[in-house]
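Engineer: Pasting a structure below so you can have a look.
The values are calculated or read from the model by the stated rules, or taken from the named source; none is laboratory data. In this text, all values refer to a predicted model and were calculated from it rather than measured experimentally. Virtual Cβ from ideal backbone geometry, glycine too; neighbours counted across all protein chains shown. Heavy atoms of the whole protein, side chains included, go into the accessibility calculation; ligands, DNA and RNA do not. Shrake-Rupley method; radii C 1.70, N 1.55, O 1.52, S 1.80 Å.
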Amino acid sequence: MAITGIKGFNDILPGEVEKWQHIEATARRVFGLYGFAEIRIPILEKTELFARSIGDTTDIVEKEMYSFEDKGGNRVTMRPEGTASVMRAFIEHKLYAQDPVAKLYYLGPMFRYERPQKGRYRQFHQIGAEVTGVTDPKVDAQVLTMLCQFFAELGLTEPQLQINSLGCPDCRPVYRQALKDFLRAKLDLLCDDCKRRFETNPLRALDCKATGCKEATAGAPSVLDHLDAACQEHFAAVRKNLEAVGTAYTINPRMVRGLDYYTRTTFELVTGLLGAQSAVAAGGRYDGLISDLGGPSLPGIGFAMGVERVALLLAEEEFRKRPDLFVAALGDDAQAEAFRLMCALQKLGVAVEMDYEGKSLKSQMRRADKFNARFTLIIGGDEIAKGAAQLKNMDAGIQEEVTLAAEAVAGKVKG
Ligand code: ATP
Ligand code: MG
């Protein structure tokens, strides 16, 4: 029996991959406008890095990590997200010594042991960006506006920006206590997970999808009513900056993120088109993370988007690339001539296809159809004798004579 891939680990096949390339190219271009440089981080890290940054009581660390002992007995984990690794690299290579303000982006596979379903996989891909060293809320607005510009340039209007503030280590404990006092009388309604982490991580109940948790948290106190003066001021300034540059948002005071390192501004880009997999991108500030990981005391903010979810939103569009030209040939001499012409044109930067083994003209034309080339050229004995052939523009349906020389053909079919 043939060996199949592992559940939740997907192949991205030609036809689909062009969409991914378009998403990646758009991200690189838009992020470049905002001054971001790419960083490439390894897939495997010490387990401790994620346990310490993401938090011991989060879903990711509690149940989703691909962790194992390598042959040297080291505890390692296949990265479930990118921020921890980027900050580890930022600290390890002392990037802050050159400039505390680093703007970095990354893309690549992440791994989480979750139940595979549409928009949720065990190997999935993120494109993420991080900014270190700026507390000023202008940078929050920059990051959010860049993310919205990325979606707009993909032609997507659907994911809506929602923002919230989770406060800081000074005011969040006060809110946690208020929420616990509110929930204590309704503990029975909470799902097992939320019951278990009631003491350690009660905020998670706010965005838990279980019906009981929704019921228990209805009318719960809002984090926004518990921000201290500095956090209130920061959140107000983020809003003012977003409004100043025309970045639309709504406030969702129940949005708590599944990673412990977030402080102050948090956000999600949410869609109604992907069922329970509604978050297409998410992120926030992490003003304590860099120092928690042993680095200098610098703030940070960032996001990650799920490329599979972005690709699902783009599903209707056709990204498959079309060759510029298809060359068909009748007879051995013409086949040889077509082959030479194709190679010469490819060297000139023209995308050309032919049917390598094509016998009848009919089967060659069937392949031409499949490639959907912009132009076709049919060469036979007469054309070779004349040194010219009919070049057909497939979109316009018109044809004209062209000299059988690479430069001449290239001049007609390029751009
Ligand atoms: P969710 O609530 O859907 O589990 P999350 O809060 O765990 O998302 P983050 O850790 O914030 O997600 O990751 C950022 C983005 O990565 C998500 O918004 C989503 O688009 C994507 N993502 C997260 N987990 C998966 C997965 N298992 N499969 C596909 N995409 C994912
Ligand atoms: Mg998750």
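Engineer: Keeping every protein chain in place, order D188, D140 by accessible area at 1.4 Å, biggest value first, i.e. largest first. It would help to have the intermediate numbers written out before the result.
Structural biologist: Working: D188 140, D140 0 Å².
Result, largest first: D188, D140.
Engineer: In whole Hz, with x marking every Gly and Pro, tabulate ³J(HN,Hα) for the stretch 329-339 from phi via Karplus 6.51 cos²θ - 1.76 cosθ + 1.60, θ = phi - 60°.
Structural biologist: Values, residue by residue: 9, 10, x, 5, 4, 5, 4, 5, 5, 4, 5 Hz.
Engineer: Ignoring ligands, DNA and RNA, what accessible area per residue does the chain give at 1.4 Å, in Å²? Walk me through the intermediate numbers first.
Structural biologist: Values: 20300 Å² over 415 residues.
Per-residue accessible area for the chain comes out at 49 Å².
Engineer: OK, next. Between the stretch 291-319 and the stretch 191-224, what's the alpha-carbon centroid distance in Å?
Structural biologist: 25
Engineer: Work out the charge dipole of the stretch 298-415 with +1 on the Cβ of Lys and Arg and -1 on the Cβ of Asp and Glu about the Cα centre, then indicate which of A338, Q399, Y356 is farthest towards its positive end.
Structural biologist: Highest projection toward the positive end goes to Y356.
Engineer: Something else now. So which of K103/K240; K359/K414; K7/K359 end up more than 32 Å apart by C-alpha? Kindly include the intermediate steps, with their values, before the conclusion.
Structural biologist: Working: K103/K240 23 Å; K359/K414 28 Å; K7/K359 42 Å.
Among K103/K240; K359/K414; K7/K359, the Cα-Cα distance tops 32 Å for K7/K359.
Engineer: May I ask you to give the average projected area over all directions of the convex hull of the Cα atoms of the stretch 81-139, in nm² rounded to one decimal?
Structural biologist: 5.3
Engineer: Another question, then. Could you please state, rounded to a whole Å, how far the C-alpha centre of the stretch 247-272 is from the C-alpha centre of the stretch 343-415?
Structural biologist: Centre-to-centre distance over Cα atoms comes out at 54 Å.
Engineer: Translational diffusion coefficient, Stokes-Einstein: compute it for the stretch 103-221 using the Kirkwood radius over C-alpha pairs as Rh, at 25 °C and 0.890 mPa s, and state it as an integer in µm² s⁻¹. The partial results should precede the final answer.
Structural biologist: Working: Rh = 17.6 Å.
It comes out at roughly 139 µm²/s.
Engineer: Would you work out which of F68, P42, I12 lies farthest towards the positive end of the dipole of the stretch 1-82? Charges go on Cβ: Lys and Arg +1, Asp and Glu -1.
Structural biologist: In the stretch 1-82, that residue is P42.
Engineer: Could you please state how large a percent of the accessible area of the chain is carbon and sulfur, counting protein chains only and using a 1.4 Å probe? Working shown, then result.
Structural biologist: Details: 10500 of 20300 Å².
Using a 1.4 Å probe with all protein chains present, the chain comes out at 52 percent carbon and sulfur.
Engineer: Compute the signed sum of charges (Lys and Arg +1, Asp and Glu -1) over the other residues within less than 10 Å, Cβ to Cβ, of L273. Intermediate values should be presented prior to the final figure.
Structural biologist: On the way: positive: R309; negative: E158.
For residues surrounding L273, the net value is 0.
Engineer: Treat every Asp and Glu Cβ in the stretch 192-283 as -1 and every Lys and Arg Cβ as +1, leave all other atoms uncharged, and give the resulting dipole magnitude about the Cα centre to the nearest 20 debye. Working shown, then result.
Structural biologist: Values: 11 positive and 11 negative charges, 32 e Å.
The calculation lands at about 160 debye.
Engineer: Next up: In a GNM of the chain with a 10 Å cut-off on Cα contacts, which of L325, L361, L107 has the highest mean-square fluctuation?
Structural biologist: Of L325, L361, L107, the most mobile in the Gaussian network model is L361.
Engineer: Still on this structure: Please flag any cysteine in the chain that has no other cysteine's Cβ under 4.7 angstrom from its own Cβ.
Structural biologist: Lone cysteines by the Cβ rule: C148, C168, C171, C191, C194, C231, C343.
Engineer: Given the C-alpha atoms of the stretch 245-323, compute the convex hull and give its volume per residue in Å³.
Structural biologist: Numbers: hull volume 14.6 nm³, N = 79.
It is 184 Å³ per residue.
Engineer: Viscosity 1.567 mPa s, temperature 4 °C: give me the Stokes-Einstein translational D for the stretch 190-349 in µm²/s, with Rh taken as the Kirkwood radius over C-alpha pairs.
Structural biologist: On the way: Rh = 20.7 Å.
Using the Kirkwood radius from Cα pairs, D works out to 62 µm²/s.
Engineer: Between E92 and I398, how high is the FRET efficiency from 1/(1 + (r/R0)^6) when r is the Cβ-Cβ distance and R₀ = 51 Å? Nearest 0.05. Walk me through the numbers before you get to the answer.
Structural biologist: On the way: r = 61 Å, r/R0 = 1.20.
For E92 and I398, the calculated efficiency is 0.25.
Engineer: Please find, in a Gaussian network model of the chain (springs between Cα atoms separated by less than 10 Å), the residue of G15, G272, G358 whose mean-square fluctuation is greatest.
Structural biologist: Sorting by GNM fluctuation, first place goes to G358.
Engineer: Only Lys, Arg, Asp and Glu count, each charged at its Cβ (+1, +1, -1, -1), so figure out the dipole size of the chain about its Cα centre, rounded to 20 debye. Working shown, then result.
Structural biologist: Numbers: 53 positive and 56 negative charges, 124 e Å.
Rounded to the nearest 20 debye, it is 600 debye.
Engineer: Moving to a separate point now. What fraction of the Cα pairs in the stretch 294-415, stated in percent, has a spacing above 21 angstrom?
Structural biologist: On the way: 3504 of 7381 pairs.
Here the tail beyond 21 Å accounts for 47 percent of pairs.
Engineer: In the calculated pair distance distribution of the stretch 1-106, what percentage of Cα-Cα distances lie above 16 Å?
Structural biologist: Numbers: 3934 of 5565 pairs.
Taking all Cα-Cα pairs of the stretch 1-106, the fraction more than 16 Å apart is 71 percent.
Engineer: What are the ³J(HN,Hα) values, in whole Hz, obtained from phi via the Karplus relation 6.51 cos²θ - 1.76 cosθ + 1.60 with θ = phi - 60°, for each residue of the stretch 86-93 in sequence order, with x given for Gly and Pro?
Structural biologist: Working through the residues one at a time gives 4, 6, 4, 5, 4, 6, 4, 9 Hz.
Engineer: Give the distance, in whole Å, between the Cα centre of the stretch 1-73 and the Cα centre of the stretch 111-161.
Structural biologist: So the two Cα centres are separated by 14 Å.
Engineer: Using 7 Å Cα-to-Cβ label points, what is the T250/D382 separation (nm, one decimal)?
Structural biologist: In this crude spin-label approximation the distance works out to 6.7 nm.
Engineer: Looking only at A396, A152, A329, which one moves most when the chain is put into a Gaussian network model with springs between Cα atoms under 10 Å?
Structural biologist: Answer for the Gaussian network model of the chain: A396.
Engineer: Given the rule -39500 (n - 2.57) for each run of at least 4 DSSP H residues, summed and divided by the residues of the chain, what is its mean residue ellipticity at 222 nm, to the nearest 500 deg cm²/dmol? Write out the running numbers ahead of the final one.
Structural biologist: Details: 15 runs with 149 residues, N = 415.
That calculation yields -10500 deg cm²/dmol at 222 nm.
Engineer: Need one number: nm distance between label points at E243 and R196, each 7 Å from Cα along Cα→Cβ, rounded to one decimal.
Structural biologist: Those two pseudo-labels are separated by 4.4 nm.
Engineer: Additional query: Using all alpha carbons of the stretch 180-261, what is the percent of pairwise distances in each 5 Å bin, ordered from the shortest bin to the longest?
Structural biologist: For the stretch 180-261, the pair-distance distribution reads 3, 13, 21, 20, 16, 12, 9, 5, 1, 0.
Engineer: Please list the three semi-axes, largest first and in whole Å, of the ellipsoid equivalent to the chain, using sqrt of 5 times the eigenvalues of its alpha carbon gyration tensor. Please report the intermediate quantities before stating the final value.
Structural biologist: Numbers: eigenvalues 567, 105, 89 Å².
Equivalent ellipsoid semi-axes, largest first: 53, 23, 21 Å.
Engineer: Further question on the same structure: Excluding S360 itself, calculate the net charge of residues whose Cβ lies under 12 Å from the Cβ of S360, where each Lys or Arg counts +1 and each Asp or Glu counts -1.
Structural biologist: Details: positive: K359, K362, R366, R367; negative: D355, E357.
My count for the surroundings of S360 gives +2.
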